[in-house]
Each structure stands twice: as structure tokens, then as C-alpha cells.
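Structure first, commentary second.
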Amino acid sequence: MKDQLTIMVLDDEPIVCKRLKPALEKLGYAVDTFTQSVEAMHQIHQTAYDIVITDLKMKEIDGMRFLEEVKKQHPQTEVIVITGFATMETAKQSFRKGVFDFIAKPFKLNEIQEVVNRAAAKIKGAAV
Amino acid sequence: MWEYLHNLWKRIRWPKPGLVVFPEIFEHFQELLQNHQQVMELIADLGEKSGGEYIFDRKYMADTVDQMHTLLLHMVQRLNLITSNRYLELHPALDRIFVPLESELRGRLSLSGEMPLVVSLAEAPLDRPELTGGKANNLAVIIRNLHLPVPPGFIITTQVYRLFLEFNQLENRIHAWLESWAAGEKDEDQISRQIQYSILAGVVPQEAGVEIKRQADKGAVHWALRSSAYGEDGELSFAGLHESLLNVPPRGVLKAYKKVLASLYSPDALMYRQKMGMLGEDTAMAVLVQELVPSRVSGLIHTLDISAEAVDCLVIYASWGLGRTVVEGRGPVDRFVVERDYPHRIRHREIAAKETLVRPHTSGGEEVEEVSPEEREAVTLSEDQIHRLASWALTLERYFKRPQEVEWAVDQSGQCFILQSRGLVFSKAVTPPQQDICQSCAQYSVLVRDAGVVAHAGVGAGVVAQVSSDLDMTRFPEGAVLVTKYTAPWLARIVPKAAAIITERGSAAGHLATIAREFRVPTLVGVEGATEFLPEGMKITVDTKSRIIYDGRVNELLQYELVQSLAFEDAPEFRLLRRLLSRIAPLHLIDPTAPDFTPQGCLSIHDVIRFIHEKAVEELMDLPGLVKRFKGVHIFTLVSDVPLGLKILDLGGGIDPEASGSRLFPEQIRSAPMKALWEGLSGPGVWSTDPIPVDFKGMMSSLSKTWVETPGAAAAAVSGFNLAVVTETYMNLHLRLGYHFNLVDARIDPDPQRNHIYFRFVGGVTDLTRRSRRAQLLANILSHYHFKVDTKGDLVVAKVLHLPREDQENRLRILGRLIGFTRQLDIQLRSDEDIPEFIEAFFEQNTPA
């Protein structure tokens with residue numbers, strides 16, 4: 001079962017994690033969720049996820065620092081950034097590099113499922 | 001901005017001779033219309049979010065409320081500019097709505113004093129389990145949203161609990177005792193005794209005591225008191241830990257209340273909270289006080305058979321007398337295994353030799369007695385009652401999205417009641433270990449993928465039942481999947497019975513979508529061709545979370561949703577959203593002639609924008625006044641065989657740019673809604689087959705003359721002539737025909753989301769009875785064309801939203817014909833029996849969609 005991809009979701013609003021987990025599991029992914037960025041940071045030093053989905057604006061650790069760290073630890077991990085509509089443009093400007101895609105909150109379940117599937121296709125394509 | 005408005009205002013108020021400010025007034029009017037549209041869209045967006053398809057957070061809600069606030073301030077300013085400051089009272093009205101909205105968002109509302117101490121079950125605020133407790137919140141929802149019979153009663157809220165602790169200075173003492181227990185200095189029995197004793201010895205503060213007594217003295221002779229702690233019946237069960245007291249006389253309610261509070265600190269409850277790691281948390285208990293049903297039979301239903309003998313069945317446990325026999329497992333009881341699928345066949349029944357029963361004691365309290373020999377082995381429930389209870393339990397499960405444990409009772413006359421419904425607690429071992437849900441679903445054949453728009457997210461399965469007219473409604477099977485072409489408002493009545501809904505047309509912001517969300521029914525709208533590829537009777541599973549429709553019943557998926565997946569509807573963010581929506585979306589101001597159609601009467605944001613829109617349009621309707629105020633307004637008179645004397649005012653793109661002079665011909669109309677309506681109104685047969693045996697033109701003119709003198713509120717608003725204000729995509733038409741008055745407000749935009757038709761009809765020459773008959777007739781015809789119709793006396797308000805261009809045009813043509821058709825109907829409608837005949841006559845000429 002190694003072809004099951006792993007996903008980390010980090011967002012300090014619990015509702016985002018609670019809803020994303022089943023939505024992505026139904027697509028066949030293994031999903032871990034975190035609302036505490038410190039814990040998530042700890043986790044990425046232990047585990048290499050195929051895909052990381054993270055909010056940008058969080059308490060404690062800033063989302064930007066977090067994704068830099070993800071990329072440093074595991075350059076092959078695809079990062080998807082979810083952020084409020086207002087901060088979208090700044091986010092895009094500062095992170096064009098290294099981020100797989102951006103999604104503005106609020107977003108439809110379908111939208112994120114579609115982005116995740118694209119990221120997965122890229123990962124699988126690279127593995128072949 | 002403010003300065004600009006202020007200056008502009010000065011110029012309007014004291015116009016210099018010859019200065020033309022009318023275009024600016026219109027600019028404000030148009031901007032006001034745009035703001036109106038923007039607020040409507042924000043309301044619709046928020047409503048859509050409650051359907052679960054979107055992931056959103058608190059910030060989104062705060063931002064949206066903020067945007068609405070800004071837009072409404074603009075609208076209020078613009079209306080006051082247009083009307084010479086006649087509606088300054090809208091400012092305090094805005095504060096009344098936005099202050100609580102903003103405190104909701106900050107999570108401070110419970111401190112604001114708006115929350116009641118004691119509230120009746122039927123009027124309890126929904127989505128506030130922190131105030132009413134889980135159990136009472138569920139019951140309030142069951143009464144208000146699901147309309148199932150629940151014994152009446154009231155809730156002593158958590159506010160009273162807090163007051164009680166404060167008044168008796170108990171908070172710190174309890175805390176200290178608990179600490180000494182946690183430190184191992186004392187055991188739970190000692191601690192429990194101390195805390196319970198001090199609670200029982202406490203005094204209920206007068207402000208609460210008076211309210212409790214007042215409620216207890218009305219209604220039933222005897223009451224049942226049950227705990228309703230926050231968190232109870234939610235994720236944690238607390239089952240049976242807190243005390244229930246039955247058959248309490250009114251004078252005993254205060255004492256019983258303290259007993260129930262004290263049960264929060266029974267040794268068992270303390271152990272349970274410690275085990276769950278929530279000892280340190282703030283505990284708050286509400287108490288539910290309900291009329292006692294002196295039941296002949298009572299018991300429990302498990303919507304999932306936890307003995308796991310049959311996964312497609314539910315189980316009903318029943319015994320004689322009050323519920324304790326079953327709930328506390330006091331002896332053998334009857335057991336009925338019933339199929340979950342409609343018509344709920346009884347698959348298996350075990351009739352026990354029932355030994356004892358609990359009954360209310362004549363002087364209060366309960367007593368246990370032997371079951372009489374002839375009833376020992378008698379069947380407790382009739383087949384009919386079993387079916388009713390089964391179908392209610394499944395309604396509850398569909399709504400709460402979890403397997404349910406339902407307490408019920410049947411009174412001496414055979415009437416059934418729901419006493420409680422809570423999430424069924426079962427070990428995960430009962431449900432077979434989940435395979436990878438993705439793999440399980442892959443084994444089923446998919447009928448359609450990625451179709452339609454999600455109005456409410458969820459998963460439901462059942463047989464397809466197609467509904468195309470309200471005649472089909474009575475035979476709609478419980479738990480079927482509703483498949484229909486349109487989202488007609490009369491479908492609302494079957495929504496609670498549906499396992500899922502699929503429509504070919506309609507939008508996620510429409511009326512049916514709102515109802516579907518209220519009842520939490522998974523709904524997909526805009527699924528092209530659904531009525532063709534989903535034939536009547538086919539078994540399907542609808543997953544609107546993934547927008548997939550499967551052939552057959554996908555049991556793994558249904559179970560995954562019921563057992564594993566989050567019931568998003570009960571997440572705190574969704575509760576907050578619904579609380580916000582309840583102050584934003586409902587429309588209370590329907591009739592502009594009603595006495596509460598005032599700034600003070602505005603209870604929601606929707607009311608405020610409705611009020612502003614109406615008043616702004618009304619202002620423009622006073623054309624002679626406006627023309628006097630402003631020079632240079634160009635108004636065309638429509639030249640036609642239809643004798644309406646219609647004036648047309650173009651705000652941009654609504655008429656042929658070549659038009660000049662004061663006369664306009666119908667072919668020069670460019671406004672899409674105006675064009676469609678006019679096609680209907682002037683179509684063959686609409687005016688020429690005159691049913692009134694008098695010279696039509698003569699009568700029209702005589703009627704027009706007397707109209708202005710007609711007493712009545714509707715007349716006051718109309719002192720001008722027939723007028724249409726148009727743009728390329730918009731029309732606002734005020735039409736006075738004889739004694740009655742039509743208003744049509746419509747938009748036809750390439751984006752259906754922006755489209756609406758709003759139709760208002762009032763007045764008439766005859767007595768109110770005949771006019772009401774005509775209102776009924778209109779309502780009946782309009783609802784066939786999928787309008788949502790409200791009538792009140794002779795007032796008819798109909799609207800339809802978000803239809804694509806072609807459908808909008810068709811409906812406006814129909815409205816045009818209908819306006820012609822009904823212009824004199826009140827005179828002819830001599831009795832109620834005449835109504836169907838006229839409806840027939842109309843449909844003969846115009847086939848319903």
C-alpha cells in the first residue's frame with residue numbers, strides 16, 4: 001500500500017482540519033491534521049509528507065516560516081497554501097517559488113480536492 | 001466620501017434655480033440598487049456556506065458582516081439623500097441589528113443580557129447549547145425544524161446555574177473541594193456529599209425563582225425534570241449520570257431543580273468527568289422541565305442495531321408505564337426489529353413476560369407495581385405505532401447525521417411523543433472495521449460525477465421519487481430521493497421526508513436550497529437531465545460532498561458518513577453561522593402597507609434593505625413631485641393598442657438610443673425584462689377577448705378616475721401614473737389597472753445568480769372576500785410556474801430567483817398575460833367554486849412549465 005500518499009493539514013481553525021480530513025480520506029489519502037503549528041513543526045522533522053496544506057496566518061509560528069522549513073527538510077514535498085482572500089496577493093508574490101498552488105478561503109471542498117489530485121499526479125509522475 | 005455626500009445633500013436640499021441635480025439623484029438610486037444587489041449576494045453567499053460545501057473560518061464571517069455594515073451605511077445615506085432625510089431612524093435600526101451581530105462574532109453575546117434565564121421550549125433560541133444544554137437544544141430543534149410531537153415545557157438555562165453559584169458563593173468552594181479530591185486528600189463520596197449538600201441548601205436567586213414558578217404554575221399539573229448539561233448528548237454521553245425527576249408537582253419544581261443540579265456532582269458523574277479529563281473545565285447545567293406524559297407504553301429506539309444482527313434494521317424496545325423500565329434496564333422488555341427502508345416492515349418481534357411497571361404516584365413521584373397477569377405477555381405497541389416511531393427515529397437520524405438513541409412515550413389515548421434524542425453510543429467493534437473508504441466506493445458503478453451545484457453537503461440513499469406537481473406530494477415515500485425539474489417552493493413540505501434531493505434547475509441560494517439546509521438534506525441543484533437518467537423507483541446513493549451519484553445503495557459510504565465523518569452542521573462555526581444568519585436573512589417586512597413597515601419594524605438585515613429599496617422606489621414613483629423638483633428628466637410615453645398610458649424612464653440601455661421626442665414604440669424597448677413582460681401583456685387574446693360586457697376603454701378610464709379617490713392604504717402610495725423604470729437588464733414596473741395595483745421588479749442578467757422576478761399584487765373593486773379569491777387564484781397559478789408565493793388578504797407577493805435568461809423571459813411573459821387575465825377577475829369570482837374554472841381557463845391558454 002505504498003501508493004497511498006500522505007498529507008499534512010495545518011490550520012489553527014479546527015473546523016478547517018475537521019472538514020478536510022474526511023474529504024481527503026475519501027479520495028484515498030492518509031491525512032494527519034494539526035491546529036498547533038509548533039506540533040506540526042515538530043512532526044515534519046520526524047516524517048516526510050507527500051503533500052502539506054497550510055494556512056499562512058497563524059498564531060505562534062508564521063505560515064511562511066513553516067513552509068520554508070518544510071521545503072528545507074523535504075524539498076520533494078508539495079506545499080499547498082490556503083489563505084484568506086485579503087492576504088492572497090501578498091502570499092502569491094512572496095511565494096511563487098516552491099509552492100504548488102494557492103487557494104483563497106473560503107473555498108469549496110471540490111476545489112481543494114482538485115488541487116490535491118493535481119499535486120498527487122505530479123508526485124506520481126515524478127516517481128515513474 | 002462623507003463630505004462629498006454632505007455637499008451633495010446641501011445641493012439637493014437647496015437647489016439653485018436651473019441647476020439640474022436629477023441625474024445625480026438617479027445615480028444614487030442606481031448605486032442604491034447596486035448596493036441592494038451586493039447585500040443580497042452577500043446574504044446568499046453566507047446562506048450557501050451553511051450548506052457545508054465550503055470550508056470557511058470565523059474570519060470570513062467577520063469580514064462578511066463588516067462588508068454588509070459598510071454597504072448598509074451607504075444605502076441609508078443614499079436613501080436619505082433621495083428622500084430629504086426622511087429616514088434617519090434607520091441609523092438606530094442598523095445599530096440594533098449590528099451590535100448583537102458583532103458581539104456574536106466576538107463570542108460575547110451570553111454576557112450581553114440578551115440571553116433569557118428561563119425560556120419555553122417552543123421559543124428557545126436554537127444553536128445555543130451553551131445556554132440550553134445539549135438535550136434541550138435538540139428538543140427545541142425537533143419541535144421547530146422537524147415538527148415532531150414533544151411534550152411542552154420550559155428550560156432553566158445555564159444562566160440560572162451561574163447565578164445560583166454566584167448568589168450562594170459556591171464557585172470557589174466547589175473548586176477547592178474538587179482540588180482536594182484530585183490531590184487524593186478525600187475520596188469522591190465525601191466530596192460528592194459536601195458539594196451536593198451545599199447545593200441542596202442553596203437558595204435560587206429571586207429573579208430566577210419568580211420566573212421558574214411562573215412557568216411551573218401554567219400548563220401541566222405535574223412535571224418531569226431532566227438535566228441538560230452542556231456537552232451532554234453531544235460528543236460525550238453522560239448517559240444516566242445525571243438525575244431525572246418525574247411527576248413533580250408545581251410547588252416542588254424549585255427543590256427538584258436543585259436536586260438535578262446536585263446530580264452534576266454525584267460520585268459517578270465526578271468519576272466520569274475525571275476519566276474524560278474534563279474535571280477542571282467549566283461545568284454548566286441547564287434543566288429541562290417538561291409536562292409529564294403519563295405513558296401507557298414507553299421505551300427506546302436504536303436506529304442502529306448494536307447487537308449487529310441486521311445492519312439494515314433499527315430496534316425498538318418497549319414496556320408498560322414510564323420509561324425507567326426500559327432506560328434503566330429493570331427487567332425483560334418487548335423488542336421489535338424493524339427495517340430501516342420504507343415501508344419499515346417488522347422483521348422480528350420478541351414479546352417478553354413483563355414483570356413490573358413504573359407509574360406516576362397520585363401524590364407526586366413514582367411507584368413501581370406488578371404488571372397485571374393479562375398484560376404480562378400482551379404486545380405493547382400496535383403495528384401502526386411501530387411504523388410511526390420508526391419513521392420518526394429515522395427522520396431524527398437523517399437530521400442529526402448520527403445513529404440515534406430515541407426515548408419515546410405513548411399516552412393513554414395512543415398518541416406518540418418524542419421525549420429525547422441523542423447520539424447513540426456504541427463501541428467501534430459494532431461497525432465492521434473500515435476498509436479504505438475510497439476503495440470501497442470504487443466498487444460501485446457511478447451514474448454521474450461532478451454534476452450540479454451543492455446546496456447542502458451530505459450523503460443520502462433511497463429510491464428515486466420524481467415529483468412534478470403538488471399532486472405527487474402526498475404519495476412521496478419517507479426516505480426517498482426527491483428528483484425534480486424545478487426547485488418549486490411547494491416542494492418545501494416534502495423536504496423533511498427526503499433522504500436527498502436532486503433538481504435540474506435552481507441555485508444554491510434559492511428557496512428550496514435554504515429549506516434543504518434547514519432540514520440538513522443533502523441536495524444537488526442544476527443536475528442536467530436528472531429526471532431522465534434517474535427513473536422513478538431506481539435505488540441510488542447521492543454523495544453531494546463529492547458530487548457523485550451511485551447506482552444502488554453504497555452501504556460502506558453511508559456507514560462511513562454516519563459513524564466516521566464529522567456532522568459539520570453541529571460544529572461551533574456552523575452554529576455561529578446559523579445564529580448570524582438568523583439575524584441577517586429572514587424577511588419579516590413583506591407588506592409595505594402594514595403598520596410595522598417602518599425602520600423600527602426592521603428585525604434583520606434583509607428587512608432593512610427591503611425597506612430601503614421599497615422607499616427609494618416609492619420616492620421615484622412620485623413622478624410629478626420629482627419632475628417638479630428636477631428639470632430635464634426625459635420620460636417617454638409608450639404608444640400601443642393596450643391602453644395603459646405607460647411612462648418609461650430609462651436609466652441606461654433600456655430603450656433604443658435613437659428614440660427621441662416623447663413617444664416610444666414597443667419595438668424600441670431594449671430592456672430584456674420589459675420586453676418579455678410586454679410581449680405577454682400585449683400578446684394576442686390578452687386584452688381583446690374582453691370578458692367584461694362593457695366598453696373596455698371607457699371602463700378603464702372611469703376606473704382610473706376613481707382610483708385616486710379610493711380609500712385604502714394602497715392608494716396612498718400611488719399618486720402618479722403607470723411607470724416603468726428600466727435599464728438594459730432591469731425593470732421596475734408600477735402598474736395600476738382599475739382598482740388594483742401591480743408591481744413587477746425583475747432583472748435578466750447573463751449570470752443567473754443575479755436574476756430575480758418580484759411580483760406584488762394588491763387591491764380590487766369588490767369586497768375583500770372576492771379580492772382574496774383572486775389572490776388565491778393568482779397564488780395557485782403562480783406556484784405552478786414555481787414562484788414562491790405569500791398571500792395575505794388580497795395581497796399577493798411572489799418571487800422567483802436565479803433562473804437562466806430564457807426561464808426568466810418565459811415567466812415574465814406569463815406575468816404579462818396574468819396581469820391582463822386577472823384585471824377584472826374579482827368581479828367575476830362569485831364563489832370559491834369558480835376558482836378552479838378560471839385556473840383551467842388560464843392554463844388552457846398557457847401551458848405550465
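Details
- Entry remark, region B:729-750: residues being farther than 15 Å from B:VAL617 by Cβ and at pLDDT 85 or above number 4 in total.
- Qualifying residue in region B:301-313 (condition: in a strand (DSSP E or B), surrounded by fewer than 22 Cβ atoms within 10 Å (Cβ to Cβ) and outside the structural domain of B:SER198 (by TED's automatic domain parsing)): yes
Okay, residues lined up against (1) buried (at least 17 other Cβ atoms within 10 Å of the Cβ); (2) among the charged types (D, E, K, R); (3) assigned by TED's automatic domain parsing to the domain that holds B:ALA393:
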site	(1), (2), (3)
B:PRO332	no, no, yes
B:VAL338	yes, no, yes
B:ARG345	no, yes, yes
B:ARG349	no, yes, yes
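- Test: residue in region B:75-86 that is basic (Lys, Arg) and away from chain A (no Cβ under 14 Å): yes
- Unmet requirement for B:VAL327, which otherwise passes all of (1) under 39 Å from the mean Cα position of the chain (by Cα); (2) modelled with pLDDT of 90 or more: (2)
- Complete set of residues in region B:555-571 that are touching a helix residue (DSSP H, G or I) at 6+ places or on another chain (Cβ under 6 Å) and over 13 Å from B:GLY458 (Cα atoms): B:GLU556, B:ALA571
- B:ASP596 being of a type outside the set (Ser, Thr, Tyr) and at pLDDT below 85: no
- Note on region A:1-84: enclosed helices (runs of 4 or more DSSP H) holding 1 or more residues that are buried (at least 18 other Cβ atoms within 10 Å of the Cβ), on the phi < 0 side of the Ramachandran plot and within 9 Å of chain B (Cβ to nearest Cβ) are A:14-25.
- Residue satisfying all of: in region B:47-74; of a type in the set (S, T, N, Q) and surrounded by fewer than 20 Cβ atoms within 10 Å (Cβ to Cβ); nearest to the other protein chains (Cβ to nearest Cβ) among these: B:GLN67
- Residues in region B:506-518 that are in contact (Cβ under 8 Å) with a residue 60 or more places away in the chain and part of a helix (DSSP H, G or I): B:HIS511, B:ALA513, B:THR514, B:ALA516, B:ARG517, B:GLU518.
- Across region B:91-100, a minimum of one residue is classified as touching a Ser or Thr at 6+ places or on another chain (Cβ under 8 Å) and away from chain A (no Cβ under 14 Å).
- Listing of strands (runs of 3 or more DSSP E) fully contained in region B:439-501 that carry 1 or more residues being surrounded by fewer than 20 Cβ atoms within 10 Å (Cβ to Cβ) and within 14 Å of chain A (Cβ to nearest Cβ): B:446-449
- Qualifying residue in region B:406-424 (condition: loosely packed, with under 15 Cβ neighbours inside 10 Å, charged (D, E, K, R) and either away from chain A (no Cβ under 14 Å) or assigned to a helix (DSSP H, G or I) (or both)): no
- Residues satisfying the stated conditions in region B:285-313, i.e. at pLDDT below 80 and in contact with a helix residue (DSSP H, G or I) (Cβ under 6 Å, 6 or more places away or on another chain): B:ILE306, B:ALA308
- Residues of region B:349-364 that turn out to be touching a residue at least 24 places away in the same chain (Cβ under 8 Å) and more than 18 Å from B:ARG330 (Cα to Cα), as a count: 3
- Test: residue in region A:86-98 that is within 13 Å of chain B (Cβ to nearest Cβ) and among the charged types (D, E, K, R): no
- 3 or more residues closer than 20 Å to B:MET285 by Cα and at pLDDT below 95: qualifying strands (runs of 3 or more DSSP E) within region B:141-260: B:223-229, B:244-248
- Restricting attention to region B:46-89, the residues that are of a type outside the set (Gly, Ala, Ser), over 16 Å from B:ILE612 (Cα atoms) and in contact (Cβ under 8 Å) with a residue 24 or more places away in the chain total 10.
- Taking the conditions (1) over 30 Å from B:CYS441 (Cα atoms); (2) touching a residue at least 40 places away in the same chain (Cβ under 8 Å) in turn, B:ASP596 satisfies each one other than (2).
- Failed condition for B:VAL617, given (1) away from chain A (no Cβ under 14 Å); (2) under 26 Å from B:TYR230 (Cβ atoms): (2)
The values are calculated or read from the model by the stated rules, or taken from the named source; none is laboratory data. Just so it is clear, the structure is predicted and the values come from calculations on it, not from any experiment. Methodologically, a virtual Cβ is constructed for each residue, glycine included, from the backbone with ideal geometry; neighbour enumeration extends over all protein chains shown.
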